[in-house]
Structures are given as structure tokens and as C-alpha cells.
């Protein structure tokens, strides 16, 4: 059976499975999940700094103007997954749930291990030294996920601790139809490439290399997720996938992770960052091998091209949102 991608249904949004919707914002995805029985819903991840209006509009398209989630669930706390978190949590006045190992980075206590541009693979990686890595503080709203792997407000779903890309990274799984929201444990595009990341060209890959701080854990996480034998996968970057070819690719990634996912060089390749619930205890020394001039020229060109692609996508998104509002 050919690999299938999920068709777009709402404006700039897509249906992943019954009761599961996603939306791409520039280069990252966030998701809405509705509980079959209660009708309540949860937001999974919170996009970029400017994503709040788009997320609210997505919820309005699905549920109506007055609807708000029962909770916000975080796969992890990197900047592109929590950009609008404080705004949304404040406006909606709802709890935010994350794994205990993510809490230092969500309560203002610790910064993530530094991103690693030396992994290479494309301009998204080379520019990663520019990405925000400092903590945000949503202490007023944050809660630890339950120890029994249940997800508040989503009784049909379980979370799975999938560390590696970040210490407390989680994925979400619905057993009845084997729907997996993997977060960044693996992705369905080449996240290191600006063109792939911004256009979501399909390519089942390991976690984004430039932020992954423990490759041994990342490998075990992919093996764990592949063993679930999912029917549908949705990730933090790239298009959702389903079908036999997807399963073959995921199994191949789990079997040959070292060859397919781990970069040839990088700060965390031979030695991981060490973290606890209090924050980061140890970070290995940098192995920067990118000449400064090459990096500077490359980043300048990348910023121009990425800015143009992002501008076109934001303009398209806003035009569609405006058309939707005028049509209501």
C-alpha cells in the first residue's frame, strides 16, 4: 500500500484521525484532540510566539466561539512548541501539563542544553545557535502529568515518556485506533533543512538533530514508538502519515537509528547532557567545526530565503483566516 498523507480539511489545518486535528504554523505543528465521551478537548503544544490568534481561530472553526480547552498538553518545552503558551493559558485560564523533567524549563529555573549547529544537515541546524533556549515561566498554570501515564481530560489517550530530543519529551497514543502524536521524538520532514522544514516535504526522520541532547535515549524512544505499530503518525514537524509504507519506514528507522538519525558529528553524539528535575547538571563541550565566515554567509542567505518563505506562508494563512472570519 502506498504511503498516504492526511488531506487538509479546515483552512490551513488538517484532520489526523477522528477527533484529532492539526495545524502547521510556519515550520511547526500543534494539535487539538477531542474526547469522544465528554466532548471536551485539549490543545497539544502551543506553536510560535505569534501563534495564539491562529490557534484560537482553529478552535473556533472546530468548536465555536466560546469554546476553550480542558487543558494544554506539552510534548516538550522547546521555543517552537511553547511560543504562545503563556498567552493561551492566561486567556483561557486552563491548566498546562508536562512531564516532570520538563518543568525546570517551564518554570523559569533552567535553560535547555545549548542547541548544536555543528550537527549540520541544513540551514535550520546552522542557525540553531540563534534559537531561544532560555526558560519560560508558566508556574501559575503548570502541572506534572500523572505517574500512571493518563492524560487529564483525554481518557482514551496515554502519554509515553520519549526522552532524547528533550529530557521530559512525551508522545501521545490512542490504542483503539493506534493514532500516535509523536511530537519531536521523530519527525516526518528533514527538520535540519530550511526548505524541508518550511514546506513540510515528507521524509520520515529522527528527531531534529540540532536540539537533541541525548542520542542513546532518542534511539530507545523511537524503538519504543515503533513497537506500538501505529496506524497513523503525526509529528511536531512535517505532515501526518499513515499506511504500510509509513510503518516500514518507521521500523527501518528504529532498526537503523544510528545510521539514519544520529549525526556524524556533534556536541551530544558521544556524550549526552545530564539533566534532573532540578535542571541541567552537565553539558559536554562544544565541537564546533563550522568556519565562522561560512556560517555567517550561510546564515545571511538562509535568513533571506527563510524570511521570504515564512512571509509567503504567514500571508497565505492570514488571508485564509480573514476569509473565514468574513464568511462567518
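Throughout, read-outs are computed from the coordinates displayed, never taken from laboratory work. Treat the numbers as computed from the prediction; the structure is a model and nothing was measured.
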Item to check | Kirkwood-based shape ratio for region 20-87, expressed as Rg/Rh from alpha carbons | outcome: 0.94
Checklist outcome for this item: Kirkwood-based Rg/Rh on the Cα set of region 156-274 evaluates to 0.94
Next on the checklist: At a threshold of 8 angstrom on Cα-Cα distance, excluding pairs fewer than six apart, so keeping six or more, what relative contact order does region 9-317 reach in percent?
Outcome noted: 17 percent
Next on the checklist: For q values of 0.15, 0.21 Å⁻¹, compute log₁₀ I(q)/I(0) with the Debye formula on a Cα-only model of region 67-187, without solvent.
Outcome noted: -0.71, -1.24
Next on the checklist: What percent of all Cα-Cα pairs in region 9-317 falls into each 10 Å bin, going from 0 up to the bin containing the maximum distance?
Outcome noted: 6, 29, 38, 23, 4, 0
Checklist outcome for this item: The ratio Rg/Rh over the Cα atoms of region 230-291, Rh being the Kirkwood inverse mean 1/r radius, stands at 1.11
Next on the checklist: For region 1-160, take N as its residue count and report Rg(C-alpha) divided by 2.2 N^0.38 Å.
Outcome noted: 1.07
